[in-house]
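Peer 1: Next up is a structure, given as structure tokens.
The values are calculated or read from the model by the stated rules, or taken from the named source; none is laboratory data. Predicted, not measured: the structure shown is a model, and the values here were computed from it. Here the Cβ positions follow ideal geometry from the backbone for every residue, glycine too, while neighbour counts run over all protein chains shown. In case anyone asks, the SASA skips ligands and DNA or RNA and just uses the protein heavy atoms, side chains included. Shrake-Rupley method; radii C 1.70, N 1.55, O 1.52, S 1.80 Å.
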Amino acid sequence: ECDKYMLSKNVSLPTATQNKTKFHLLGLPYTRTIADETLCAFTNLIYRMAVMLDNMGYDVYHYGTEGSNPPCTEQVDVVSNELYSKVYGKFDAYKELYKPDGNDLAYKTFRKNAIVEIKKRISPQDIILISGGYAQKDIADAFSNPSIEFIVGYVGCFAKYKVFPSYAWMHHLYGKNLSLTKNYKNNVVLGNWYDAVIPHYLDPNEFTFSDEKNDYFLFIGRLIETKGAHVAIDICKKIGKKIVVAGQPPMPSGSAGYDDFIKGYGLDQPHVDYVGAVNAEERNKLMSKAKAVFVPSMYFEPFGLVVVESLLCGTPVITTDWGSFPELVRHDEVGYRCRTMDDFQWAARNIDKIDSHKCRKYAEENYSMDRIAGAYKEYFMKVMDLFKNGWYTERPERDNLDWLKRFGV
């Protein structure tokens, strides 16, 4: 059963004269991979992955939009500024939500140029890191090298090697699409040896801690129904508290339907302060001083980076009780998980029982880049072992299995 976890025979094995494994990291065409990109969580994760790989001593080739500048061996531009402006120039991410189109001209150009540029640089023992699911499948298919989807916080995954941000999301996708496992009989799902769960990661230094709170709650995120901002607004109205709401609306201000959206979503109520989308500095100010951050997502969150962002600011969270949250939120220690209006009201009224210092410590110990880098390093080494004896490769120098310790809860 394990013999299939070997690379195909047409892949050359590395020798002592060949270079060590290099990583070919794919960015996203609709953003630039830069440190201060705050509105696209996936771009944040791509940038930080480059940082972690660079710190591990690997050569990293990043393929992205011109202007990207992650720490890497070489930044390879596969989408020009001219093309970026042509496709996305009229879009302002701070004013409205963007829904990526995997078949727009920028995506098509990205795939075409990435294949050409990777061929110039790739060696048989290299690894390709996929960040965009099916929208980057053509790139993976062009090479016999292992392709890893390293941040599967989306639905459309395909690769043989996948890293999910939570067990809830991995099991949800397995149940949703049995073919993802490539391995099922009579509707009984069998596990994939080379799929893994490694949480998303943040740099604690980017977040401002404060144990002094002002008298308001915060919602920060996309203003779509499934994120639940309207739930947070209603709860704060019930308990007579102010709530600050930050995030992109589905349409820019001044456009048809904008005023109706503001009114219909309850953003015009006296207890609501709607501030629009915010940058990293504004986010830190709002988060660090809030009594708590509401994350009442109505769908199964794959992870929920805003939870960790809030905790790093020393601010507890109030969430729903499904998806990744039972793994992320240590109930009654860094926040509360809720299921009814009564639960939410009690949580908000008793949020002062949560210690800000414990919130920060918990997030640092479980979701910092330093913590998560060790797990990725172990996982990447296992994939590299496929160039040796595959699943049967032994590491006599091993002295722990810490990478499989449960994170958080």
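Peer 1: Between residue 160 and residue 381, what is the FRET efficiency for a Förster distance of 22 Å, r being their Cβ-Cβ separation, to the nearest 0.05? Don't skip to the end; give the middle numbers.
Peer 2: Details: r = 17 Å, r/R0 = 0.77.
The value I calculate is 0.85.
Peer 1: Roughly speaking, what is the stretch gain from residue 34 to residue 171, that is 0.36 nm per residue apart minus the C-alpha to C-alpha distance, in nm to one decimal?
Peer 2: That works out to 46.1 nm of additional length.
Peer 1: With axes computed from alpha carbons, what is the tilt in degrees of helix 369-384 against the longest principal axis of the chain, rounded to the nearest 10 within 0 to 90?
Peer 2: 30
Peer 1: While we're here: For segment 16-161, what is the accessible area per residue in Å² when the probe is 1.4 Å?
Peer 2: 41
Peer 1: By how many nm would the segment from residue 134 to residue 370 grow when fully extended, if each residue of separation counts as 0.36 nm and the alpha-carbon distance is taken off?
Peer 2: Length gained between residue 134 and residue 370: 82.0 nm.
Peer 1: Here is a further query. Using only C-alpha positions, report the orientation-averaged shadow area of the convex hull of segment 292-409, nm², one decimal.
Peer 2: In nm², the orientation-averaged hull projection of segment 292-409 is 8.6.
Peer 1: Tell me, what HN-Hα J-couplings in whole Hz come from the Karplus equation 6.51 cos²θ - 1.76 cosθ + 1.60 at θ = phi - 60° for each residue of segment 121-137, using x for Gly and Pro?
Peer 2: Per-residue couplings from phi come out as 10, 7, 10, x, 9, 7, 10, 9, 9, 8, 10, x, x, 4, 5, 10, 4 Hz.
Peer 1: Of the listed pairs 353/405; 242/353; 289/353; 213/237; 361/382; 137/162, which have alpha-carbon separations greater than 21 Å here? Working shown, then result.
Peer 2: Values: 353/405 28 Å; 242/353 19 Å; 289/353 16 Å; 213/237 19 Å; 361/382 30 Å; 137/162 13 Å.
Listed pairs above 21 Å: 353/405; 361/382.
Peer 1: Step through the residues of segment 210-218 one at a time and calculate ³J(HN,Hα) from phi using the Karplus curve (6.51 cos²θ - 1.76 cosθ + 1.60, θ = phi - 60°), rounding each to whole Hz and writing x for Gly and Pro.
Peer 2: 8, 9, 9, 10, 8, 8, 8, 9, 9
Peer 1: Using just the Cα positions, wrap segment 46-186 in a convex hull and report its mean projected area in square nanometres, one decimal place. It would help to have the intermediate numbers written out before the result.
Peer 2: Values: hull surface 41.0 nm².
With every direction weighted equally, the projected area is 10.2 nm².
Peer 1: Residue-wise, which Karplus ³J(HN,Hα) couplings in Hz belong to segment 394-404, taking 6.51 cos²θ - 1.76 cosθ + 1.60, θ = phi - 60°, and x for glycine or proline?
Peer 2: 3J(HN,Hα) across segment 394-404, in whole Hz: 10, 10, x, 7, 4, 10, 6, 10, 4, 5, 9.
Peer 1: Using the heavy atoms of the protein chains and a 1.4 angstrom probe, tell me the accessible area per residue for segment 263-409 in square angstrom.
Peer 2: Per residue, segment 263-409 has an accessible area of 45 Å².
Peer 1: Ok, one more. When the scattering of segment 12-94 is computed by the Debye formula from its Cα atoms alone, each counted once and equally, what is log10 I(q)/I(0) at q = 0.11, 0.26 Å⁻¹?
Peer 2: So the normalised log intensities are -0.34, -1.24.
Peer 1: Over 23 Å between C-alpha atoms is what I'm after, so list which of 95/227; 263/291; 176/377; 86/108 land there.
Peer 2: Details: 95/227 18 Å; 263/291 25 Å; 176/377 29 Å; 86/108 14 Å.
Too far apart for the 23 Å limit: 263/291; 176/377.
Peer 1: Return the calculated 222 nm mean residue ellipticity for the chain, to the nearest 500 deg cm²/dmol, obtained by summing -39500 (n - 2.57) across DSSP H runs with n ≥ 4 and dividing by the residue count.
Peer 2: Taking each H run of at least 4 residues, the total per residue is -9500 deg cm²/dmol.
Peer 1: Counting only protein heavy atoms, what percent of the accessible surface of segment 24-144 is carbon or sulfur at a 1.4 Å probe? Kindly include the intermediate steps, with their values, before the conclusion.
Peer 2: Working: 2360 of 5150 Å².
Accessible surface attributable to carbon and sulfur in segment 24-144 totals 46 percent.
Peer 1: If each residue of separation counts as 0.36 nm, what is the full-extension length gain between residue 400 and residue 108 once their alpha-carbon separation is subtracted? Kindly include the intermediate steps, with their values, before the conclusion.
Peer 2: Working: separation 292, 0.36 × 292 = 105.12 nm, distance 4.40 nm.
Difference between extended and current length: 100.7 nm.
Peer 1: Separate question: Considering only C-alpha atoms, what is the centroid distance from segment 344-409 to segment 29-104, in Å?
Peer 2: Segment 344-409 and segment 29-104 have Cα centres spaced 25 Å from each other.
Peer 1: Enumerate the aspartates and glutamates that residue 120 could reach by cross-link, defined here as Cα to Cα under 18 Å, with residues fewer than 8 away along the same chain left out.
Peer 2: 59, 74, 77, 138, 141
Peer 1: Over the chain, what is the relative contact order in percent, taking alpha-carbon pairs closer than 8 angstrom and at least six residues apart? Walk me through the intermediate numbers first.
Peer 2: Values: 758 pairs, mean separation 61.0, N = 409.
Answer for the chain is 15 percent.
Peer 1: Here's something else I'd like to know. For segment 269-361, with all protein chains present and a 1.4 Å probe, just round the carbon and sulfur fraction of the accessible area to a whole percent.
Peer 2: 49
Peer 1: Between [x] 68, 50, 45; [y] 63, 46, 40; [z] 62, 44, 35, which matches Cα extents along the principal axes in Å calculated for the structure shown?
Peer 2: Only one option fits the structure, namely [x].
Peer 1: Sticking with this one: Could you work out the relative contact order of segment 169-312, using alpha carbon pairs under 8 angstrom and six or more residues apart, expressed as a whole percent?
Peer 2: Answer for segment 169-312 is 31 percent.
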